[in-house]
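Read the structure below first, then the notes.
Computed from the coordinates by the stated procedures, all read-outs in this text should not be read as laboratory data. Worth saying up front: this structure is predicted, and the values here are computed from it rather than measured. So basically every Cβ, Gly included, is an ideal-geometry build from the backbone, and we count neighbours across all protein chains shown.
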Amino acid sequence: MGMLKLNVRARRWRDCLFRCNTFTFCLIVTVLITGAVIVPQFGQSFDDGWPKFSNEDITTNRDGPFYRGCVNTEMYLKDEGYKKMNATFVMLTRNEECEDVAKSVRSIEDHFNQWFQYPYVFLNDVPFTEEFKTRIRSLSDAPMEFGTVDKLDWEFPEQVRESFAFQNALNDQGDRGILYGSEESYHKMCRFYSGLFFKHPLVQKFEWYWRLEPDVEFFCDLTYDPFAEMHRTDKVYGFTVLLPELYYTVPNLFRYTRSFIRKHELKLGSLWRLFTDSYKVLDTDDELMASRVNYDEDVDNKVSEKVAIEHMLAEGSGDEEMGLRYLVGRAKSKVPLFDDKFDDEEYNLCHFWSNFEIARIDVFDNEVYNAYFRYLESKGGFWRERWGDAPVHSLGLGMILNVDDVHYFRDIGYRHSMIQHCPKNWNGVEFGTKVVEAQLPYIEADPRYQRNSLFQRYSQAVENGCGCRCRCDSWKSDIEDTAYYCMERWTDLQLAEDAELAPGGHYQAKADAQDVEHRVKNEYLNMLLANTDDSQ
Ligand SMILES: Nc1nc2c(ncn2[C@@H]2O[C@H](COP(=O)(O)OP(=O)(O)OP(=O)(O)O)[C@@H](O)[C@H]2O)c(=O)[nH]1
Ligand SMILES: *[C@@H]1O[C@H](CO)[C@@H](O)[C@H](O)[C@H]1NC(C)=O
Ligand SMILES: [Mg+2]
């Protein structure tokens, strides 16, 4: 019993820790975004015994980098088995962001596309200027298309825009300090990326896309074709950053997501588990009981309570003192409240950071996801709240995909705003033996991307590394180490047995109420009997 309480406490502590750390993390993000300087102690507060994933090899049978270190791209492209994919880059942007767009295009050309020549689609809510097009075209020989987004896809419906509630909702989010909450254009951007970007005629011409944003940076060379490798291994969605969302941007997203699932009686994919916590511990029709039992450790406790009270009430006998104590205790206790628990599940706020995505277009352009987007749109959350396209994508994917459908591009070093992932370079050593030259020389295919000797110096290579010619700022922390809660969930799922993932995202209760009650009742009656024997 003592052990049991300790466990409960440890568990609560851990939950609290996660909440505190999510909060700390969000705080840091906010500090970073508003441009304030990070105080070094912030980073140290994460050294609290949580794993530092960035130093570990997290490859499993389910997923791992397609290649460690560099690939000889010339040979890769000549291989008979290689087929260029029906794929494009996609970027939504504004004319004013031309220089930031140029930075991103230069970075992706330098590190990948000069060898592969995938086309680009740029989208804007107003037409691109000739200046913009000329400037961006000068950076690459790859085909580029510049499209305008249909007004109906960009603007909120007219009756929404003209309603009092609309302006009020945005002002209110601004007053409450919700990041970008008061910016109408940010809401429109999130809505567009959530459900509409893949409908654009220029994007519909392709089967795969790689989403880019202005002012992002790539740190490593990608010397193979990520689309082709995903196709080869049956992956349909790839990410490079997984992290928790700011709770106050999505307070009702999970409620509506659950109600959509219920309404359509959806059979969920196992990826659902990456994003949710289950409180379905006891299989019972007794709703009060179900709401009071949320952790494994609650089971015996609450069932004992129920048995003792029922026995006392029914028999008017037994151990009255114990029964009464339980009864009073239960009457005084509150049903535990959770921020976001619906149908015995809670959104854990983890999401793929969608400003980088490599995916098949039909992971979104399908019946279920399209219906999901329409449903969310009908609830007004893209303006009543500030639902980001990242959590919407993730929850939508969670319904449709299995864990094995997703690839973590751990070998792609990436920075957006102040958050970054920069992998360790591989040193070519396996199990203590040098097996290959992991860092091949850089050979430009485009003279615009010739590197001077300063740029030929790469970060130190290590045995657990996977990167090719990465240049990381060693003093910046890696999101793998600061979003460890989400990374831990990802690695746990990678290690899960197939059988564990088999029922998809439908959680099974771990204990059957009748079985437990039967056992506890016997124990209780035996105890009463023993007490009676003693007193005689
Ligand atoms: N054409 C157009 N593009 C937009 C608009 N709002 C946002 N975008 C684009 O959508 C992308 C994301 O918007 P941002 O406001 O930068 O959002 P963010 O990257 O989450 O936030 P920051 O960290 O502040 O950059 C960028 O590529 C923008 O150029 C808009 O009103 N019109
Ligand atoms: C690429 O995919 C799109 C969408 O499925 C299709 O319409 C188009 O014909 C394909 N193009 C090529 C070259 O195969
Ligand atoms: Mg931005």
* Structure fact -> Taking r as the C-beta separation of R262 and S453 and R0 as 45 Å, the FRET efficiency to the nearest 0.05 is 0.15
* To do: Let me have the relative contact order for the range 144-206, percent, based on Cα pairs under 8 Å that are six or more residues apart.
  => 32 percent
* To do: Give, in nm to one decimal, the length gained when the segment between A530 and K476 is fully stretched (0.36 nm per residue of separation minus the Cα-Cα distance).
  => 13.0 nm
* When the Cα centres of the range 340-369 and the range 202-260 are compared, how far apart do they sit, in Å? -> 10 Å
* To do: Would you please state which residues of the range 90-120 a label at I443 would reach in this model, taking the label point 7 Å out along Cα→Cβ and a backbone N cut-off of under 17 Å?
  => 111-117
* Structure fact -> Around R176 (Cβ within 12 Å, Cβ-to-Cβ, excluding R176; K/R +1, D/E -1) the net charge comes to -2
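For the range 276-378, which trypsin sites (Lys or Arg not before Pro) are in a loop by DSSP, counting at most 15 other Cβ atoms within 10 Å?
K334
Set the bar at 24 Å for Cα to Cα. Now go through K78/K434; K302/K341; K103/K235; K263/K332 and name every pair that lies beyond it.
K78/K434; K103/K235; K263/K332
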* Once the Cα atoms of helix 320-332 and of the chain are each reduced to a long axis, what angle between those two axes, in degrees from 0 to 90 to the nearest 10, is obtained? -> 40 degrees
* For the range 326-367, list residues with backbone N below 20 Å from a point placed 7 Å from the Cα of L288 toward its Cβ? -> 326-338, 344
* Of all DSSP beta bridges in the chain, what percent run antiparallel (nearest 5)? -> 50 percent
* Over the chain, what is the relative contact order in whole percent, taking alpha-carbon pairs under 8 Å and six or more residues apart? -> 25 percent
* To do: Could you work out how far helix 484-495 tilts from the main Cα principal axis of the chain, as a 0 to 90 degree angle to the nearest 10?
  => 90 degrees
* Asked: According to a simple spin-label model (label point 7 Å from Cα along Cα-to-Cβ), what is the distance in nm between D175 and D150?
  -> 3.7 nm
* Among the listed pairs K424/K476; K52/K424; K84/K424, those beyond 18 Å (Cα-Cα) -> K84/K424
* Structure fact -> Total charge of the residues flanking P143 in space, meaning their Cβ is under 12 Å from its Cβ, with Lys and Arg +1 and Asp and Glu -1, is 0
* Any aspartates and glutamates with Cα under 14 Å of the K267 Cα? List them, leaving off those in the same chain fewer than 8 positions away. => E367
* Asked: Once the dipole of the range 470-536 is set up with Lys and Arg at +1 and Asp and Glu at -1 on Cβ about the Cα centre, which of A496, V516, C472 lies farthest towards its positive end?
  -> C472
* What's the FRET efficiency of T129 with F338 using the Cβ-Cβ distance as r and R₀ = 41 Å, to the nearest 0.05? -> 0.25
* Compute the length gained on full extension between R330 and R106: take 0.36 nm times their separation in residues and subtract their Cα-Cα distance, giving the result in nm to one decimal. => 74.2 nm
